[in-house]
Amino acid sequence: MTSGRVTNSVKMIASQVHAEGYMICDNGASIYDITKEETVWSREIPKEIVINFIDMCEQNNIYYMVFTDSEIIVKNLKHLALVFYKKRHNINDEANGITYFKYASLSYIKSIDKPIRRIVICDEDRSVYNAIIRKISTFEEVSIMSSPYVSNRIIHENGQKMVFSYSYAEILPKGINKWTAIEKLTSKLSIAKEDVVAIGDNFNDVEMIQNAGLGIAMNNGASVAKSVARVIAPSNNEDGVAVVLEQYVLRNSPF
C-alpha cells in the first residue's frame with residue numbers, strides 16, 4: 001500500500017482492509033511496518049530548511065500545509081485544506097483519530113520535535129503559483145512534486161455545489177517519491193522490479209507507474225498518469241483495481 005497520506009491516516013485504512021506487511025506513506029518519504037507498528041525507514045526535510053521555507057511563505061503570503069505523522073499544520077482553512085476538511089471531517093468533530101488540523105504558524109513549527117516529511121503549497125492564481133515553484137527550486141535540499149494542471153474539486157454541501165480551483169505542489173525530501181520507497185522496500189524483500197505491479201491515478205503516482213514491471217493507471221485518473229501506464233484499468237466506479245488484480249495477478253495473465 002502506497003499513499004500520499006500521513007502515517008496515522010494510512011494506518012486507519014490498513015486496519016479497515018486487514019492489510020499486513022508494509023505501507024509507504026507521505027508520498028514515499030516513509031515506510032511503516034504494520035506488524036511491528038513502527039516506521040522502519042524515512043527521510044525528512046531538515047528542520048532548518050522547513051523553518052526557512054515557511055518563513056518565506058509567510059513573508060510572501062503563500063498558503064502552506066505542514067504534515068507530521070498525526071497532524072496538518074495550517075494557519076487557516078483554504079484551498080486543499082478546506083477541501084480535505086469538508087470531505088473528511090465532521091464540523092462538530094474535527095479530530096477524528098486519523099489526522100487533525102493544528103491551527104498554528106511558524107512559531108509553533110519551530111517549537112515541535114516531530115518529523116516533517118511533506119509540505120504542500122497552494123495558490124489559486126497559476127502565474128503566482130509558477131513564480132512560487134521557481135522560488136522553491138532554489139532550495140536544493142528538497143524535491144518538488146508539482147501538479148501539471150489546475151485542480152478543480154467539487155464539494156456538495158447542503159444541496160449546493162461548491163467548486164474549488166487551485167494549483168498545488170508537494171515539497172518532499174530530496175530525491176523522494178513513491179517509487180524510491182518501493183525500490184527501498186523491494187530491495188529489502190528481494191523482489192525484482194519486473195515483479196512489481198503499481199496502480200495509481202494522479203501526478204504523484206507517475207514515477208511508480210513508469211518504473212514498475214507493470215504500471216497501471218485508472219481510466220478516470222489524471223492524463224499525466226495514464227500517459228506513462230502500460231495498462232489502463234476501468235475507473236474506480238467500475239471496480240477497476242479488482243479487475244486488473246484478477247486479470248494480472250490472480251489469473252497471472254501476461255502483461
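The values are calculated or read from the model by the stated rules, or taken from the named source; none is laboratory data. For clarity, every value in this text was computed on a predicted model and none was experimentally measured. Cβ coordinates were reconstructed from backbone atoms using ideal geometry, including for glycine residues, and neighbour counts include every protein chain displayed.
Points to keep in mind about this one:
- Close pairs (8 angstrom Cβ cut-off, 6 or more residues apart or separate chains): in contact (Cβ under 8 Å) with a residue 40 or more places away in the chain in the stretch 153-172, small (Gly, Ala, Ser) and outside any strand (DSSP E or B) anywhere: 167/147; 168/147; 169/147; 170/4; 172/28; 172/29
- Residue match in the stretch 169-187 (condition: small (Gly, Ala, Ser) and surrounded by fewer than 19 Cβ atoms within 10 Å (Cβ to Cβ)): yes
- Pick from the stretch 228-255, criterion among the small types (Gly, Ala, Ser) and in contact with a strand residue (DSSP E or B) (Cβ under 8 Å, 6 or more places away or on another chain), ranking: surrounded by the most Cβ atoms within 10 Å (Cβ to Cβ): 233
- Among the candidates 69, 55, 26, residue that is among the acidic types (Asp, Glu), touching a residue at least 40 places away in the same chain (Cβ under 8 Å) and not assigned by TED's automatic domain parsing to the domain that holds residue 108: 26
- Lone qualifier among 57, 25 - being over 17 Å from residue 113 (Cβ atoms), of a type outside the set (A, V, I, L, M) and in contact with a Ser or Thr (Cβ under 7 Å, 6 or more places away or on another chain): 25
- Residues satisfying the stated conditions in the stretch 96-123, i.e. of a type outside the set (Val, Ile, Thr), more than 18 Å from the chain's Cα centre (by Cα) and at pLDDT 90 or above: 102, 103, 104, 105, 106, 107, 108, 110, 111, 113, 114
- Residue within the stretch 207-227 that is β-branched (Val, Ile, Thr), part of a loop (DSSP other than H, G, I, E, B), over 18 Å from residue 22 (Cβ atoms) and modelled with pLDDT of 95 or more present: no
- Checklist (1) in a loop (DSSP other than H, G, I, E, B); (2) closer than 26 Å to residue 71 by Cβ; (3) not aliphatic (A, V, I, L, M) applied to residue 167, failing item: (1)
- Residues being surrounded by fewer than 21 Cβ atoms within 10 Å (Cβ to Cβ), over 16 Å from the mean Cα position of the chain (by Cα) and at negative phi - total across the stretch 188-221: 15
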